[in-house]
Amino acid sequence: MSPSPNLNRCERAELACAYALQVLPTSEVPAIQAHIASCLDCQRELESLRPVVNRFVSWPTDVLRPTSSLQARLALRIAEETGKQPVPPPARRWSEPEWEQVAPGIECKLLATDAERHRVSMLVRLAPGASYPAHTHAGVEELHLLDGELWIDERKLFPGDYNYGAPGAGDERVWSETGCTCLLVTNTKDVLR
């Protein structure tokens, strides 16, 4: 591609930027990769963006990714200014995480991980009669019971109940007679006893 006379850069440089940010539709990636391989302007553009993109890698994706409505408004505004057709944001495809058996009678569905703060949020499902081992909280543990009944030591929780576990505190016995599902936000460094 020849550079645009008014910008003195490749007219596909914006696609190279979108490629660097990993926001191109999957169907367009092979074509832009082939173009970048043959275009020095786009290679330079990509190389100049790498340090910026690398700084964003550790940010949560909900901070980096604008809402679909904002993307649509931006696409319309860009289209008005350029006189081109608006490019709608790609359809988001959410895939449900899988349940994973972590111990007999206990399944987890990991929702989010914050490796820097050693935090995870997950759905936890206990089968009737299942129990979780005694443990000490390395950080704050927050549990919201969604269904069923759950005993934490001498406290019986019902759907809608919330339990706060302070750092350093321990739970000697966690079990469910009926089976239950809860939302759990906890520290990955908890100590099982």
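If we scan region 83-92, do we find a residue that is at pLDDT 90 or above and surrounded by 15 or more Cβ atoms within 10 Å (Cβ to Cβ)? No, because not a single residue in region 83-92 is at pLDDT 90 or above and surrounded by 15 or more Cβ atoms within 10 Å (Cβ to Cβ).
Of everything in region 111-134, what is over 20 Å from GLY148 (Cβ atoms) and assigned to a strand (DSSP E or B)? Give them in sequence order. Hits for region 111-134 are ALA112, THR113, ASP114, ARG119, VAL120. Here region 146-193 is the region considered, the condition is being among the hydroxyl-bearing types (Ser, Thr, Tyr) and free of Cβ contacts under 8 Å to residues at least 60 places away in the same chain, and the residue that is farthest from TRP99 (Cα to Cα) is TYR164. Cβ-Cβ distances below 7 Å connect the following pairs, each with a first residue in region 114-135 that is touching a residue at least 40 places away in the same chain (Cβ under 8 Å) and farther than 14 Å from CYS182 by Cα, a second residue that is of a type in the set (Val, Ile, Thr) and in a strand (DSSP E or B), and a separation of six or more residues or different chains: ARG119/VAL185; HIS135/VAL191. The set of residues in region 65-82 being at pLDDT below 80 and among the basic types (Lys, Arg) consists of ARG65 alone. The set of residues in region 7-27 being farther than 19 Å from PRO89 by Cα and either outside the structural domain of ARG50 (by TED's automatic domain parsing) or surrounded by 12 or more Cβ atoms within 10 Å (Cβ to Cβ) (or both) consists of ARG9, CYS10, GLU11.
Among the residues examined, VAL102 does not qualify as touching a residue at least 12 places away in the same chain (Cβ under 8 Å), part of a strand (DSSP E or B) and of a type in the set (Val, Ile, Thr).
Residue-level check: of (1) modelled with pLDDT of 95 or more; (2) under 18 Å from the mean Cα position of the chain (by Cα); (3) among the small types (Gly, Ala, Ser), ALA112 misses just (1).
To keep it simple, each residue is scored yes or no on (1) of a type in the set (Lys, Arg); (2) surrounded by 15 or more Cβ atoms within 10 Å (Cβ to Cβ).
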| residue | (1), (2) |
| --- | --- |
| GLU107 | no, yes |
| ALA115 | no, no |
| VAL120 | no, yes |
| ARG125 | yes, yes |
| SER131 | no, yes |
| HIS135 | no, yes |
| ILE152 | no, yes |
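The values are calculated or read from the model by the stated rules, or taken from the named source; none is laboratory data. Computed from a predicted structure; not experimentally measured. All Cβ positions, even for glycine, are placed from backbone atoms using ideal geometry, and neighbour counts span all protein chains on display.
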